Structures are given as C-alpha cells and as structure tokens.
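Each reported figure results from applying straightforward, stated rules to the coordinates on display, with no laboratory input. It should be emphasised that the depicted structure is a prediction, and the values quoted were computed from it without experimental measurement. Here the Cβ positions follow ideal geometry from the backbone for every residue, glycine too, while neighbour counts run over all protein chains shown.
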Amino acid sequence: AGVFTYDPGFTSTASCDSTITYIDGEAGVLLHRGYPIGQLAKESHYLEVCYLLLYGELPSAAQLEEFETLVTRHTMIHEQMHNFFRGFRRDAHPMATMVGVVGAMSAFYHDSTDINDEHQREVASIRLIAKMPTIAAMAYKYSIGQPFVYPRNDLDYASNFLRMCFSVPAEEYEVNPILARAMDRIFTLHADHEQNASTSTVRLASSSGANPFACIAAGIACLWGPAHGGANQACLEMLREIGTPDRIPEFIERAKDKNDPFRLMGFGHRVYKNFDPRAKVMKESADEVLELLGIENNPTLQVAKELERVALEDPYFAEKKLYPNVDFYSGIILDAMGFPTSMFTPIFALARTVGWVSQWKEQLADPQLKIGRPRQLYLGAAQRDYVDIEQR
Ligand code: CMC
C-alpha cells in the first residue's frame, strides 16, 4: 500500500532540476543556458553550442579552439570496431547498428567507464560527441556497401560528417559550404530539449550507475520511435506518399479520424502549444538551401507547405494546438543533401548526443542523486493460491 501520484506519460511530473535548457511551450520559447535557440542556430555553430551545453557558458576564443581540437582528435574509432559493423546485415536500419555499436563502446573504451572518476567522465563525453558522426557515417556506408571513410581533422564537424557519408575512394567529395552550414544548423537545432523521452531514458539508465556508453545507447533506442526522433523519417515518407497537393485533404481527414491510427507526422508536441521555435528556423533553412541548390520547386517542399497551411486552417488542429515540430521540415533538407530517409534519425541521434551527455553529467554531479524508481497503480488479481495444472 502507499499513496502515489498517478501521472501516466509524466505530463505533470518534474523528474529532476536542471540548469541546461528552458522551454516555455505556450510562448514557443527554447533557451539553452539562457540563449534563444534562434540566435544560436543563426549566429553560433554546433560545437560552440556543445561547449555551452556542457560547461554552462559560451567559450572564449581560446577555450573554443581547445575544445574543437579535443573533439577533432577523438573522431577516429578503434579499428577493431570495424568488425563489429561487419557483423550486421547490410540491410539493417542504421539506427539498429548505432544502438549496438554505441553500447559496445563500453567494451572498447573501458578506460572511460568509471562514472566516479571525473576525468573518465570528461573523456567519455568528448569521445561520444567526437565519434558519433563517424559511427553514423559508418552505419550508412556499411548499409550501401561502400568502404568506410576515415575522418579528416582539417574539416569542421559538419563538413567532416558530410564527407564521411558521401566520399568514395574513386572520387573525393567536395564539401559544399552551404550544405555544411545547413548541416551544422540541423545539428544545433537538435542539440538538446530538456526532459524528452530519450533524455529521460538516459537519466533513468544512468541513475542505476550504468556506464555512459550503455546510457547513451538506451537514449538512441528510445529516440528511434516514430512518436519521437523517428518522426523525421516517417514525415518525409508521409510527404512522399501524399505526393501532390490535391491528395492533402484525404490525409487531413485520416489524421482527424479517431478510428484511423494515422497521425500527421511532424505535427504536434507535448510541450509546444503555439509553435515549435525550431520548426520556424528549420523552415527558413529549407527554403534557403533548396533555393541555393536551385531546386526550390521541389515537390515535397510544396506538399509540406500546403499541408501546413491546410492543417493550420483546420479547426481540429487549431483546437488541439497542433503545429509543425522540428521534424516537419528537417527531412526535406536532408533529402536535398542526398541522405536516404533511414539516415534521418541517426542524424538526430548524433546531434542529440551532446544533450544526453550534458544531462548525464549534470545528473551525476547532483549530490541528491537517487535511482529512478517509479511506482504504479496495481490493477491486477488479488492474492490467490496456486492451482495445480490438472485442476485448471
Ligand atoms: N495528428 C493528428 N492528431 C494528433 C497529432 C497528429 N500529429 N498529434 C496529436 N494529435 C491529437 C491526438 O489524437 C489527441 O487527440 P484526442 O485528445 O482527441 O485524443 C490530441 O491531439 C493530443 O495528442 P496526444 O497524443 O495526447 O499528445 P502527446 O503530448 O501525448 O503527444 C506527440 C505528442 C508529439 C507524440 C504527438 O503529437 C504525435 O504523435 N505527433 C506525431 C509524431 C511526431 O511528429 N513526433 C515528433 C515530436 S517533436 C520531436 C521529437 O520529439 O523527436
């Protein structure tokens, strides 16, 4: 017995205190360490935002240089890990590969798994942030049957990732600075989002004292679901299925029909009830990138814009306060860059790694840390006696 607060889905439970990210869902505000996401996405860049999330303040020029050098020096993965990738089927979803490989990092980097050692915690953080693009790119290369591309330390974080995905030995990939900037912005827009499902998963896993690589692998697994990070893949697939603007009403009706499990992917959010500030920047970015690439008449973008317009005028979406979220326009940019839909969620995972790691570090520094252990409302059978199989 005992009296508990019943809060399925944790709609009104604060599971921790935090100084990292602030969201005001009614006002559409998202701040990292106090700085608005719009300013960070447009004026800063991903590794600077990583520093901010991890250490609480924007870096000086010298601190940033030191941090970037540190991350760059850790981008290679242990050569033995190549065999680990090769154990997967070629047609494995890259998210499946990433859950496995990141979990296995605890076997390759056991010199940074002692959570009670501050130095080891720091090394694990840097390793995760530095190696995630390499791991995501390798998962992709493996899935298309191409050789792995090693990281190159003279390139910035986003350019390096693009090159590891698109370069082949026969032809060196020339990184387009416009695409690299857009990639970096996508990373920044996904960097952290307070206690969402995957971050809460990381914190819950970590509360038992599990090692950082195991905790982040748990976060990746949770992110994969279509209600969370998997929505970017599901959204682009939906936009393609709609195909032409004339089919939009049919899909809007399906989304409103309670007997149909279909939902508008990339729409709705637990916290944002007015707009998702990340979606605003993402939409601008999609317009910019497609225009610069000379493909502004991209049919998927046309369908997305028209779908957004029609949905926002529909009383169902207005009443339920459903607006496009971060996943609505990101896929259009990633598609224009040449990524297959199966890589969309791995890209979300690599960008969110800094958020997971920052929250993990914050949690471990909390002297009040307790194992996460929710209770339940038991609705099952009352106590009864075991019945022998012949008597059932
Ligand atoms: N299309 C149609 N109806 C919707 C949608 C949608 N996308 N989202 C919510 N609703 C309806 C839902 O049916 C419910 O109606 P009713 O009150 O009549 O039962 C009402 O709106 C509230 O929805 P909920 O599922 O109770 O709200 P939630 O806060 O539990 O879920 C959500 C939030 C994001 C899971 C949900 O809006 C959803 O499934 N959206 C589509 C998937 C998606 O785009 N996810 C990405 C989220 S943002 C980035 C990330 O986390 O990765």
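Given a Förster radius of 45 Å and the C-beta distance between VAL310 and GLU66 as r, what FRET efficiency does 1/(1 + (r/R0)^6) yield to the nearest 0.05? My answer for the efficiency is 0.35. Simple spin-label estimate for GLU26 and GLN80 gives 5.6 nm between the two label positions (7 Å along the Cα-to-Cβ direction from each Cα).
Residues ARG163, ARG73 in ascending order of nearby Cβ atoms (within 10 Å, fewest first): ARG73, ARG163. At a Förster radius of 56 Å, what calculated FRET efficiency corresponds to the Cβ-Cβ distance of GLU43 and GLN391, to the nearest 0.05? So the FRET efficiency works out to roughly 0.15. One decimal place: the segment PHE4-ARG375 gains 132.8 nm when fully extended, by the rule 0.36 nm per residue minus the C-alpha distance. Please sort by residue number the chymotrypsin sites (Phe, Trp or Tyr not before Pro) in segment 310-392 whose DSSP state is loop and whose Cβ has at most 14 other Cβ atoms within 10 Å. Loop-located and lightly packed - TYR378, TYR386.
Above 21 Å, the calculated P(r) of segment 113-267 contains 61 percent of its Cα-Cα pairs.
A quarter of the convex hull surface defined by the alpha-carbon atoms of segment 231-337 gives 6.3 nm² as the mean projection. In whole Å, what is the distance between the alpha-carbon centres of segment 43-81 and segment 279-336? When both Cα centres are located, 31 Å separates them.
Highest-first packing order for the peptide set 187-193, 235-241 is 187-193, 235-241, based on the mean count of other beta carbon atoms within 10 Å. Here the convex hull built on the C-alpha positions of segment 318-392 has a volume of 317 cubic angstrom per residue. Rounded to the nearest whole Hz, the Karplus-based 3J(HN,Hα) values (6.51 cos²θ - 1.76 cosθ + 1.60, θ = phi - 60°) of segment 47-63 follow the sequence 5, 5, 5, 4, 4, 4, 5, 6, 10, x, 9, 5, x, 6, 4, 5, 5, with x at glycine and proline. How big is Rg to Rh over the chain, alpha-carbon atoms, Rh as the Kirkwood inverse-mean-distance radius? Taking Rh as the inverse mean 1/r over Cα pairs, Rg/Rh reads 0.99. On a per residue basis, the convex hull of the C-alpha atoms belonging to segment 1-137 measures out at 213 Å³. The packing ranking of peptides 153-162, 74-83, 214-223, highest mean first, is 214-223, 153-162, 74-83, where packing means the average number of other beta carbon atoms within 10 angstrom of each residue. Positive contributions from Lys and Arg (+1) and negative ones from Asp and Glu (-1), summed over other residues with Cβ under 15 Å from the Cβ of THR19, come out at -3.
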